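Asker: My questions will all concern the structure given below.
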Amino acid sequence: MTDDFVLDVTRIRDEARARMEAGPVTDTYGLNHDRVIGVLNDVVATEVVCWLRYTRHAIAATGIDRAQVSAEFTEHAKEEMDHALRAAERVSQLGGNPDFDPATLAKRATTDYTAPRDGDLEAMLKDNLLAERIVISTYQEIIRWLGNEDPTTRRLLESILEEEEEHADDLVDLLGI
């Protein structure tokens, strides 16, 4: 196997100088960054809806297991909001505007906002587990689509995915399934 890799530093420098206003999005960016921004804004919407659902469930939970379940929902809610903010920051890095428009959040999210009967911890746990499973599958597909074309966004989503998988595992433990 021959190593024919040659780095054309002069070309890279010239391209970097020619488009300073593009910030971190260089000519070597491998995807349509507007499409990536759109996908990331859907991630933002999904994470905000998850934050809202977990927050509502944490407050509405009642019963003998309320303290443990509510604490878990509160922890997950904080992590979901962190995910939304991290995805929004990436949108900004790519030259886009994070979309937190309340009028379109639910339409753009891949998960649903649910409000089971107050005190129905099992329904809340199942609703959140379903949402986590949807997010896990969605993010896995996005990560495969990104491939090596946008390693920064891919790594961001991989780190979020890892936490979403932990959420699902926590919920399975609480459900005893």
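The values are calculated or read from the model by the stated rules, or taken from the named source; none is laboratory data. This one's a predicted model, so the numbers in the text were calculated from it and none came from an experiment. Because the Cβ atoms are built from the backbone with ideal geometry, glycine has one as well, and the counts that use them run over all protein chains shown. Just so you know, the surface numbers come from the protein's heavy atoms only, side chains and all, with ligands and any DNA or RNA stripped out. Shrake-Rupley method; radii C 1.70, N 1.55, O 1.52, S 1.80 Å.
Asker: Most fluctuating residue of Val36, Val25, Val135 in a GNM of the chain with Cα springs under 10 Å: which is it?
Answerer: Result: Val25 has the largest fluctuation of those listed.
Asker: Turning to a different aspect of this structure: Classify the stretch 93-177 as rounded, prolate or oblate, taking a ≥ b ≥ c as the square roots of the eigenvalues of its Cα gyration tensor: rounded when a/c is under 1.5, otherwise prolate if a/b is larger than b/c and oblate if not. Intermediate results must be reported in sequence, preceding the final value.
Answerer: Numbers: a/c = 3.08, a/b = 1.50, b/c = 2.05.
Because a/c hits 1.5 or more and a/b fails to exceed b/c, the stretch 93-177 counts as oblate.
Asker: Oh, and also: Before anything else, pin down the relative contact order of the stretch 67-168: Cα pairs under 8 Å, at least 6 apart, normalised by residue count, whole percent.
Answerer: Relative contact order of the stretch 67-168: 25 percent.
Asker: Ok, one more. Report, in whole Å, the centroid distance computed from the Cα atoms of the stretch 107-177 and the stretch 1-56.
Answerer: So the two Cα centres are separated by 23 Å.
Asker: Are there any trypsin sites (Lys or Arg not before Pro) in the stretch 76-129 that are in a DSSP loop and have at most 14 other Cβ atoms within 10 Å? List them by number.
Answerer: Working: sites: Lys78, Arg86, Arg90, Lys107, Arg108, Arg117, Lys126; in loops: Arg117.
Answer in residue order: Arg117.
Asker: With a cut-off of 8 Å between alpha carbons and a minimum separation of six or more residues, what is the relative contact order of the stretch 27-109 in percent? Present the calculation step by step, with values, prior to reporting the outcome.
Answerer: Numbers: 86 pairs, mean separation 37.9, N = 83.
RCO, the stretch 27-109: 46 percent.
Asker: From largest accessible area down, sort Phe5, Phe100, Phe73; use a 1.4 Å probe on the protein chains.
Answerer: Details: Phe5 150, Phe100 85, Phe73 0 Å².
Ranked list, largest accessible area first: Phe5, Phe100, Phe73.
Asker: Moving to a separate point now. Per residue, how many Å² of accessible area does the chain show with a 1.4 Å probe?
Answerer: On the way: 10140 Å² over 177 residues.
That works out to 57 Å² for each residue.
Asker: Would the stretch 67-106 count as rounded, prolate or oblate if I go by the C-alpha gyration tensor, calling it rounded below 1.5 in a/c and otherwise prolate when a/b exceeds b/c, oblate otherwise? Show your work: numbers first, answer last.
Answerer: Values: a/c = 6.43, a/b = 2.06, b/c = 3.12.
Since a/c reaches 1.5 but b/c is at least a/b, the shape of the stretch 67-106 is classed as oblate.
Asker: Based on DSSP H runs of at least 4 residues, each adding -39500 (n - 2.57), what is the mean residue ellipticity at 222 nm of the chain after dividing by all its residues, to the nearest 500 deg cm²/dmol? Present the calculation step by step, with values, prior to reporting the outcome.
Answerer: Working: 6 runs with 121 residues, N = 177.
Estimated from H runs of four or more residues: -23500 deg cm²/dmol.
Asker: Still on this structure, I have one more. On a full-extension model of 0.36 nm per residue, what is the gain between Arg11 and Asp173, subtracting their alpha-carbon distance, rounded to one decimal in nm? Each step should come with its number before you reach the end.
Answerer: On the way: separation 162, 0.36 × 162 = 58.32 nm, distance 5.46 nm.
Contour length minus Cα-Cα distance gives 52.9 nm.
Asker: With every protein chain left in place, what is the accessible area of Ser159 in Å² (1.4 Å probe, nearest 10)?
Answerer: Its accessible surface works out to 40 Å², give or take rounding.
Asker: Once you keep just the Cα pairs under 8 angstrom separated by 6 or more residues, what percentage relative contact order results for the chain? Intermediate values should be presented prior to the final figure.
Answerer: On the way: 191 pairs, mean separation 44.2, N = 177.
So the answer I get is 25 percent.
Asker: Right, another one. Grab the beta carbon distance between Asp34 and Asn148, set R0 = 22 Å, and tell me the FRET efficiency rounded to 0.05.
Answerer: Working: r = 19 Å, r/R0 = 0.89.
It comes out at approximately 0.65.
Asker: Continuing with this model, one more query. To the nearest 10 degrees, how steep is helix 9-18 against the longest Cα principal axis of the chain, on a 0 to 90 scale?
Answerer: The two axes meet at around 70 degrees.
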